[in-house]
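*Asks:* Handing you this structure, nothing more for now.
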Amino acid sequence: MRVAEDLYQPYPVAMPAPASAVAFTIKLGRALHHYGMPAHRLEEAMRLVSERLGLEARFFSSPTSIIASFGPPEALQTALIRVDPGEMDLGKLVRLDTLADEVILGTRTPEDGSQRVEEILAAPQAYGPFLLLLCWALAAFAGARLFGGGLMEMSVSGFASLLIGGLDLLSRSRPAVARVLVPVSALLASTIAVVAGALVGPLAGKVVTLASLIVLLPGLTLTVAMTEMATRNLLSGTSRMMSAALVFLQLGFGVALGSRLQVLLPPVQSPLPGPLAHWTELAALAGLALSVCVIFNARRRDAGWILLAGALAYVGTRFGAYLLGPELGAFVGAVILGMASNAVSTLRNKPALVTIVPGLMLLVPGSIGFRSLSSLLERNVVAGVDTAFNMLMVAVALAAGLLVANAIVPARKVL
């Protein structure tokens, strides 16, 4: 019996993906991940870049790793990239976005693009340590006013945050310090609040502690986690939420430990000073927005847009809360922030995250979560659970607001 000759023909062999294009895609994804890119935006950015480079690729992102597969299913090239979560750097995100556009449009080769990614990663911080420390203090100074504190609370908070910012700078070169930064900072903030209340004068200790830790509060992480879960990135969102919960627990432990010092000091019986003028709230809002620009390494030319987006989000949230309650107020603020950021992104051809991230810092529910944990530590379980539920509802409202904003005013850029 004669067998058909075509049965002896070899199967077509899938050609491997171009090495330069694969290398650029992986390096770009790793850099974007390191600078705080959420999973849904990161996967979409890597998919778009690989598609424009002629690659068949699939991506999966988690808070600590990226899995990238290139080629058809029968001939996959798979890479597992372990990534240590870094700090948000809006300036470098803009440079990486511009680089991706250049490679996609063909004005820069993937080989040049890979080298450029390394140069961006190795570039120094946009701002020096002195200005960073100053903005840590300014953020706490302004945050204390927004939390209802007076001039005494603002001053003590700024001093405590200045010391915490110094610890943060020290932790960047010493991994051992970085691992204990959160609980030690909480211990330092609560201790300074207790000592200042006993030696300097009457003040609201909880306001001082909360404002001193405003930069470390994981409200932004919690909001990003909710957004990732809403976009069906369940593993990344759940992992990020557990990370935020762990930070809250570390903060609570440090604050509880520092607060025990209060039993050793004499009580203060004097009444608290009266509230400050209303115009100081607007000044504090501007100061907090400017300090966030520096802490997140935003470019100087973006500061005006960030201030505008933050003001719109804050005013929208306050107005929405007055009419509809705090949860729906946060939703209104997030919708306004998302729509404005997408419109500015289209106008300037820059990533929308440049204005979304600093704007969210003015709306995120980190302070609510901290108050919930404080209530639980004081054995006030009912108030603690109620406040924790409110925190989750605000986070859901912010995530839903950003998704609705993207539906109303679609962003033309992935980032």
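*Asks:* Which of rounded, prolate or oblate describes the stretch 187-320 when judged by the alpha-carbon gyration tensor and an a/c cut-off of 1.5?
*Replies:* Here the stretch 187-320 falls in the oblate category.
*Asks:* Any chance you could get the radius of gyration and Dmax over the Cα atoms of the stretch 9-149, in Å?
*Replies:* Rg then Dmax for the stretch 9-149, in Å: 19.1, 81.
*Asks:* Oh, and also: How long are the semi-axes of the equivalent ellipsoid of the chain, defined as square roots of 5 times the Cα gyration tensor eigenvalues? Whole Å, largest first.
*Replies:* Semi-axes, largest first: 45, 22, 21 Å.
*Asks:* Evaluate Rg over Rh across the stretch 125-175, taking Cα atoms for both radii and Kirkwood's formula for Rh.
*Replies:* Reported Rg/Rh (Cα atoms, Kirkwood Rh): 1.06.
*Asks:* Quick one: grab the alpha carbon gyration tensor of the stretch 58-105, order the square roots of its eigenvalues as a ≥ b ≥ c, and give me rounded if a/c is under 1.5, else prolate or oblate depending on whether a/b is larger than b/c.
*Replies:* Here the stretch 58-105 falls in the oblate category.
*Asks:* What is the magnitude of the charge dipole of the stretch 17-70 about its Cα centre, with +1 placed on the Cβ of each Lys and Arg, -1 on the Cβ of each Asp and Glu, and no other charges, expressed in debye to the nearest 20? Each step should come with its number before you reach the end.
*Replies:* Working: 6 positive and 4 negative charges, 23 e Å.
Taking the Cα centre of the stretch 17-70 as origin, the dipole is about 120 debye.
*Asks:* Have a look at the stretch 84-173 and give its Rg and Dmax from the Cα atoms, expressed in angstrom.
*Replies:* Cα only, the stretch 84-173: 18.7, 57 Å (Rg, Dmax).
*Asks:* How large is the accessible surface of Trp136 in square angstrom, using a 1.4 angstrom probe and rounding to the nearest 10?
*Replies:* Probe radius 1.4 Å; accessible area of Trp136 about 10 Å².
*Asks:* Right, another one. Return one whole number: the accessible area per residue of the chain in Å², for a 1.4 Å probe.
*Replies:* 49
*Asks:* Could you calculate the FRET efficiency of Ala283 with Arg174 from 1/(1 + (r/R0)^6), where r is the beta carbon distance between them and R0 is 30 Å, rounded to 0.05? Please report the intermediate quantities before stating the final value.
*Replies:* Values: r = 36 Å, r/R0 = 1.20.
The computed FRET efficiency comes out at 0.25.
*Asks:* Dipole of the chain (Lys/Arg Cβ +1, Asp/Glu Cβ -1, origin at the Cα centre): which of Ile104, Val180, Leu121 lies farthest to the positive side?
*Replies:* Checked the options; the winner is Val180.
*Asks:* Considering just Cα atoms, how many Å³ per residue does the convex hull of the stretch 116-271 enclose?
*Replies:* 142
*Asks:* So, in nm, how far is label Leu276 from label Phe389 when the simple model puts each one 7 Å beyond its Cα toward the Cβ?
*Replies:* Placing both labels 7 Å beyond Cα along the Cβ direction yields 3.5 nm.
*Asks:* Carbon and sulfur together cover what percent of the accessible area of the chain at a 1.4 Å probe radius?
*Replies:* Answer for the chain: carbon and sulfur cover 66 percent of the accessible area.
*Asks:* Something else now. Helix 151-171 versus the longest principal axis of the chain: what is the Cα-based angle in degrees, 0 to 90, to the nearest 10?
*Replies:* The angle comes out at about 40 degrees.
The values are calculated or read from the model by the stated rules, or taken from the named source; none is laboratory data. Being a predicted model, the structure only gives us computed values, none of them experimental. All Cβ positions, even for glycine, are placed from backbone atoms using ideal geometry, and neighbour counts span all protein chains on display. In case anyone asks, the SASA skips ligands and DNA or RNA and just uses the protein heavy atoms, side chains included. Shrake-Rupley method; radii C 1.70, N 1.55, O 1.52, S 1.80 Å.
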